[in-house]
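The values are calculated or read from the model by the stated rules, or taken from the named source; none is laboratory data. Only a predicted model underlies this, so the values are computations on that prediction, with no experimental measurement involved. All Cβ positions, glycine included, derive from the backbone under ideal geometry; neighbour counts span all protein chains shown. Calculation scope for accessible area: heavy atoms of the full protein, side chains included, ligands and nucleic acids excluded. Shrake-Rupley method; radii C 1.70, N 1.55, O 1.52, S 1.80 Å.
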Amino acid sequence: MDVKRVKDYIHWLYYQYLLVTCSYVLEPWEQSMFHTITVTVVAMVVYTAYVFVPIHVRLALEFFSQIFGAQPDGAV
């Protein structure tokens with residue numbers, strides 16, 4: 001891809017983000033605080049999903065396999 005097109009696309013995405021969150025009307029120091037909080041919350045959600053979703057999926061699969069009569073892993 002052309003570097004200029006990628007740069008323009010990223011700039012367009014950032015502009016869309018500003019429009020959706022209405023943060024373009026904030027002062028610069030308010031924008032930086034808003035972006036910091038937003039990035040922090042998104043990072044915490046991604047980390048939590050990365051850590052806890054696989055555990056819950058495994059437990060749910062074990063639960064439903066017991067309900068529907070599948071043999072446990074250690075059974076002969």
- Task: Take region 15-29 and flag every residue that is exposed (fewer than 10 other Cβ atoms within 10 Å of the Cβ) and of a type in the set (Ser, Thr, Tyr).
- Result: none
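To keep it simple, each residue is scored yes or no on (1) at pLDDT 95 or above; (2) under 20 Å from the mean Cα position of the chain (by Cα).
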| site | (1), (2) |
| --- | --- |
| Asp2 | no, no |
| Trp12 | yes, no |
| Leu18 | no, yes |
| Phe63 | no, no |
| Gly69 | no, no |
- Please find, within region 30-64, the residue that is least open to solvent (accessible area, probe 1.4 Å) out of those that are of a type in the set (A, V, I, L, M) and under 19 Å from Tyr14 (Cβ atoms). Ala43
